[in-house]
Amino acid sequence: MSMEALIVDGSPEPSSPELVAWIADGMDYIVAVDRGAVTCRAAGIVPDLFVGDEDSADPETIAWVKSVAKDDLWLPVEKDGTDLYHAIAAVRAEAERRGVKLGLDITLTCATGGRPDHALAIYGLLYSNRDLFPCVIEDGFDLTILSPDGTFETPQFRAGAAGRNSSVVFNGEIYGYRELKQQLAYPFRTTCDTEVLLALYRAYGKDMLTHLPGMFAFALWDERAQTLFCGRDRFGEKPFFYAWGRNGEFIFASEIKAILATGLVEPELDFGQLHQYLCYSYIYPTKTIYKNIYTLPPAHRLIWRD
């Protein structure tokens, strides 16, 4: 016996209802996760289960999904994992109830839009559930973990593609980026400010931050140097947290809960920093309330090499 499950997550920028309806066709079990109920309703899909803390879907949709779904799993706002984490656990429980021992496949949609750090947390969570061969399908791309044992080859940049030697994830805004583009000799392909980071890195390397105005936190992968270059703005308007996973993975995100959502980091409370915070309402710039999760201070860079 096998089981194919679809999880419609609550991304602030979901995939189209048409795509979601197409994916849902033929699925054995469908789960709507919080705002994902909005997309299900628009796509004409009746989920089997609704999971969430009800903090991102409108009351009318919440009432609708609770009236049509076979079951719902309410979660408190403060919990030990994300809504998606609990949705995956619920799918595993349903498969066990049905007697599915092998052949459980999960497809995820409406999960990665809106914020790069959310997308990275999603990928980490999927990696921790790699035995399910999870698949992500969105309007612009699809991704599948093909090798649960992690022996797949490192993805390569497509030969001849612009920016083939570097890629970037970015949270923030670059001030005056249109003027910066005019000053940089780079084959820009988009009209957004993110590509300016790649151009500045090509021009100035690790000194690019002195030429970068704005509020930002970013991580840029240099394929040729096999180096991850990370930076944060001068006033620390955009956060940057990082940690090492249990298998040596370097994990970073804009929120601590995104790091914890990967399942690769067990939080260890730092009582010294807790004392510091209770006495002075302050934690040291490189520290967090956890011993094994750190923050990149404002106006700093971080360079990681495997």
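So in segment 232-248, with the set limited to residues that are part of a loop (DSSP other than H, G, I, E, B) and aromatic (Phe, Trp, Tyr), which one is modelled with the lowest pLDDT? Even if it seems obvious, please write down each step before you answer.
At the first step, the residues of segment 232-248 found to be part of a loop (DSSP other than H, G, I, E, B) are 233-240, 245-248.
Still in the running and aromatic (Phe, Trp, Tyr): 235, 240.
On the way: 235: 94, 240: 97.
So, considering only residues that are part of a loop (DSSP other than H, G, I, E, B) and aromatic (Phe, Trp, Tyr), the one modelled with the lowest pLDDT is 235.
Looking at 251, 259, 283, which is the one that is part of a loop (DSSP other than H, G, I, E, B) and surrounded by 15 or more Cβ atoms within 10 Å (Cβ to Cβ)?
On the way: 251 fails: part of a loop (DSSP other than H, G, I, E, B); 259 fails: part of a loop (DSSP other than H, G, I, E, B).
Residue meeting the stated conditions: 283.
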- Would segment 221-231 turn up any residue that is surrounded by fewer than 21 Cβ atoms within 10 Å (Cβ to Cβ), under 30 Å from residue 178 (Cβ atoms), among the polar types (S, T, N, Q) and at pLDDT below 95? yes
- Filter segment 100-148 for residues that are of a type in the set (Val, Ile, Thr), outside any loop (DSSP other than H, G, I, E, B) and either buried (at least 21 other Cβ atoms within 10 Å of the Cβ) or at pLDDT 80 or above (or both) and give the result. 106, 107, 109, 122, 136, 137
- Message: With the requirement that a residue be outside any loop (DSSP other than H, G, I, E, B) and either out of contact with any Leu (no Cβ under 7 Å at 6 or more places or on another chain) or at pLDDT below 90 (or both), what does segment 286-302 give you?
- Response: 293, 294, 295
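Identify, from the list 62, 23, 7, the residue that is over 18 Å from residue 139 (Cα atoms) and outside any loop (DSSP other than H, G, I, E, B). Give the derivation first.
On the way: 23 fails: over 18 Å from residue 139 (Cα atoms); 7 fails: over 18 Å from residue 139 (Cα atoms).
Only one candidate passes the filter, namely 62.
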- Task: Return yes or no: is residue 217 more than 24 Å from residue 124 (Cβ to Cβ), among the small types (Gly, Ala, Ser) and touching a Lys or Arg at 6+ places or on another chain (Cβ under 8 Å)?
- Result: no
- Task: Restricting attention to segment 65-88, report how many residues are small (Gly, Ala, Ser), farther than 14 Å from residue 9 by Cβ and part of a helix (DSSP H, G or I).
- Result: 1
- With (1) assigned to a loop (DSSP other than H, G, I, E, B); (2) in contact with a Pro (Cβ under 9 Å, 6 or more places away or on another chain) as the list, and residue 264 as the residue in question, which single condition is left unmet? (2)
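Residue by residue, here is whether (1) in a strand (DSSP E or B); (2) in contact with a Ser or Thr (Cβ under 7 Å, 6 or more places away or on another chain); (3) surrounded by 15 or more Cβ atoms within 10 Å (Cβ to Cβ); (4) of a type outside the set (A, V, I, L, M) holds:
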| site | (1), (2), (3), (4) |
| --- | --- |
| 186 | no, no, yes, yes |
| 192 | no, no, no, yes |
| 196 | no, no, yes, no |
| 210 | no, no, no, yes |
| 219 | yes, no, yes, no |
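Taking the condition of being of a type in the set (Asp, Glu) and surrounded by 24 or more Cβ atoms within 10 Å (Cβ to Cβ), how many residues in segment 32-54 meet it? Give the derivation first.
Keep residues of segment 32-54 that are of a type in the set (Asp, Glu), which gives 34, 48, 53-54.
If we keep only those that are surrounded by 24 or more Cβ atoms within 10 Å (Cβ to Cβ) as well, we get 34.
The qualifying residues number 1.
Restricting the search to segment 10-20, which residues are surrounded by fewer than 17 Cβ atoms within 10 Å (Cβ to Cβ) and part of a loop (DSSP other than H, G, I, E, B)?
Filtering segment 10-20 for residues surrounded by fewer than 17 Cβ atoms within 10 Å (Cβ to Cβ) gives 12-13, 16, 18.
Listed by number, the residues that qualify are 12, 13, 16.
The values are calculated or read from the model by the stated rules, or taken from the named source; none is laboratory data. Computed from a predicted model, the values in this text were never measured in an experiment. Here the Cβ is made from the backbone with ideal geometry for all residues, glycine too, and neighbour counts use every protein chain on show.
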